[in-house]
Amino acid sequence: MTQTSIANEMPLRERFLQGMSHAACTVNIVATDGPAGRYGLTVSAMASVTADTPHPTLLVCVNESSQAARAIVTNERFAVNILRDDQFLVSDRFAGRSKSPNGDKFSNVDITPDALGCPRIIGSLVSFSCRLASWQTIGTHLVLMGSVEDVVMAGSGSPLIYANRSYGRPMPLWRDSRETAAQQA
């Protein structure tokens, strides 16, 4: 297998975007509610920072031009809902690819307040309730650090994945060796 450099064919930004399209990421709805209002949006840039502090920390990156970005900073709290693989229509709604008749992203989406009063999507694979610990603007995005106050997990399911500019679901490439040995016996 050979790799081809396209350094002379595309600007660095385009090569970066093309390269990042191959990074498989979970699909997450980040939502907030408080004095600045209730807002939510779809993000793929979410990661664990540390579990070894009094409250674990995660980060999310949100386009600073979104209404949700400034509301999160003002409300100082947010929920990160990792979607299940059958919730792609919820992702499309919060990404703005589909609209509800009344324009409310939360319309016809089952939600309940989380431990901090932010919208938790019922049926999401995992929901993290976060207090805003810090934030920084980098380029066009706010990098938000969330101090995790609570975690709610669904009983089962697989995460919705976004890679190669489409939705997918994870699939095991191999089975546990004990399972394989038992099947061969």
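Please verify whether HIS22 is farther than 19 Å from CYS118 by Cβ, outside any strand (DSSP E or B), modelled with pLDDT under 95 and not hydrophobic (A, V, I, L, M, F, W, C), treating the condition exactly as stated. Taking the combined requirement at face value, the residue satisfies it. Going residue by residue through region 170-180, is there one that turns out to be within 17 Å of CYS25 (Cβ to Cβ) and either modelled with pLDDT of 95 or more or surrounded by 12 or more Cβ atoms within 10 Å (Cβ to Cβ) (or both)? Yes, that holds for at least one residue.
For THR50, the stated conditions do not hold, so it cannot be described as in contact with a strand residue (DSSP E or B) (Cβ under 9 Å, 6 or more places away or on another chain) and in contact (Cβ under 8 Å) with a residue 40 or more places away in the chain. For region 150-169, a residue qualifies if it is open to solvent by less than 90 Å² (accessible area, probe 1.4 Å) and charged (D, E, K, R), and exactly one does: ASP150. Selection of region 78-104 for residues being in contact with a strand residue (DSSP E or B) (Cβ under 9 Å, 6 or more places away or on another chain) and of a type in the set (S, T, N, Q) yields ASN81, GLN87, SER91. Hey, any hits in region 35-42 for a residue that's of a type outside the set (Gly, Ala, Ser) and at pLDDT below 95? No, region 35-42 contains no residue that is of a type outside the set (Gly, Ala, Ser) and at pLDDT below 95. Tell me which of these ALA24 doesn't satisfy, since it passes every other one: (1) more than 25 Å from TYR167 (Cα to Cα); (2) open to solvent by 70 Å² or more (accessible area, probe 1.4 Å). Result: ALA24 fails condition (1) only.
If the condition is being more than 18 Å from ILE111 (Cβ to Cβ) and touching a helix residue (DSSP H, G or I) at 6+ places or on another chain (Cβ under 9 Å), then region 26-59 contributes only PRO35. Remark: PHE94 falls outside the filter, which requires a residue to be under 21 Å from GLU64 (Cβ atoms), in contact (Cβ under 8 Å) with a residue 60 or more places away in the chain, of a type in the set (A, V, I, L, M, F, W, C) and in contact with a Cys (Cβ under 9 Å, 6 or more places away or on another chain).
The values are calculated or read from the model by the stated rules, or taken from the named source; none is laboratory data. Just so it is clear, the model here is predicted, and its values are computed rather than measured. Note that we place each Cβ from the backbone using ideal geometry, even for glycine, and neighbour counts take in every protein chain shown. Note: areas computed on protein heavy atoms with side chains; ligands, DNA, RNA excluded. Shrake-Rupley method; radii C 1.70, N 1.55, O 1.52, S 1.80 Å.
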